[in-house]
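Throughout, read-outs are computed from the coordinates displayed, never taken from laboratory work. If you're wondering where the values come from, they're calculated on a predicted model, not measured in any experiment. Ideal geometry is used to build each Cβ from the backbone, glycine not excepted, and the neighbour counts take in all protein chains shown.
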Amino acid sequence: MAGTAPPAESIFPIKSLRRLERLLCVPREELRFLADAAEHHYRPFDRFRPRADGTVKVRHIDNPVDRLKSVQARINSRLLRTVPFPATMIGGVRRRGPRDGASLHCASPDLVTLDLSNCYPRTTNRQVFAVFRNTLGCSEEVARLLTRLTTRQGHLPQGAPTSGLLSNLCLLDLHQTIAGLAASRGLAFSQYVDDFALSGPGARNALGDILPMFFGHASARLNRSKLRCCGRGSRQEVTGICVNRRTMSARGPKYEALRNRVRSFDPNASDAGTERQAILGAIAHVRSINQLQADSVVRLAERCGLRRDGCRDTPDSVRPVGRAAGD
């Protein structure tokens, strides 16, 4: 997407370090120091997540910390969020969530979903530099500094506040190409981080034209094992949400796993407080999809020792804010 002009509403281009430090309210000396010492501001770890089939998925988290994470958050909120993204690009964009993308595909006769493999690790610092320099029009000095602050070991770091929107920008040319083809065929299309969904009559027939678009794209290697073509007679799912009917549903392996987690909750366990907050956050996510299902889990939770008021009025601090790429 090199050479694409930034949208008119964006605060980009940023041509000088003086403007950059004013926008971020961080002195350039500190920005340079953090860029030079960035590797010392990560605390990587591995996250283990049980799958519905009984296996365990291991995800490496780069985990920026301290002042670097704070500066990344400012780059995200004060710079990257000013860039308007297409309505069909959902992940990482303010006031858009999984429900918004799934709602585009409800009650469709045909649904195709595609998933990218290792989206963040495959997005290199060269691609990120090209986004800042060519797409957003920054000076070379500013683009280089922002790239060093938002990448680690040559790629986008998993867990950094900036990685979602930078990934979107690196995939924007691919997104717009697919969106154009979908519109020409009367199909619905959405992208949530590394998940692509296409629906409508004959959606699977468009695969022959769409799959070649991924070939050769630096950030977009398809995970062939997750390619799905679903008709009305099978479970249609977008970002973990069932869309077979006009009313979205959370039913499926993840919903049943939540109910089992509630049943096994022990209010006397040493980690009961942490587990309770995690369950409440999951219930809030279900509520955003289907109120009746959430009410059902709440009633079950009450019988298992979780307070009704906590389930009904989940604090903002435990509401889910989206999922990481590749989930």
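Note on the chain: GNM, Cα springs under 10 Å; of Leu187, Leu156, Leu211, the largest mean-square fluctuation is that of Leu211. How charged is the neighbourhood of Gly233? Take every other residue with its Cβ under 15 Å from the Cβ of Gly233, and add Lys/Arg as +1 and Asp/Glu as -1. Once positives and negatives cancel, what remains is +3. Taking 26 Å as the straight-line reach from the Cα of Lys226, the lysines in range (excluding those fewer than 8 positions away in the same chain) are Lys57, Lys254. Look at (1) 35, 60, 4; (2) 29, 55, 16, 0; (3) 32, 48, 19, 1: the one that is P(r) over Cα pairs in 20 Å bins from 0, in percent derived from this structure is (2). Between Leu174, Ala197, Val131, the Cα set farthest toward the positive side of the dipole of the stretch 101-209 (charges on each charged residue's Cβ, about the Cα centre) is that of Val131.
Volume of the convex hull of the stretch 137-197 (Cα atoms only), normalised per residue: 94 Å³. In this rough spin-label picture, where each label sits 7 Å from Cα along the Cβ direction, the Ile11-Arg185 distance is 4.0 nm. A cut-off under 14 angstrom between Cβ atoms defines the neighbours of Ala220, and their net charge, with Lys, Arg +1 and Asp, Glu -1, is 0. Distance between the C-alpha centres of the stretch 226-298 and the stretch 82-99: 22 Å, rounded to the whole angstrom. Summing charges over neighbours of His41, with a neighbour being any other residue whose Cβ is under 9 Å away from its Cβ, gives +1 when K and R count +1 and D and E count -1.
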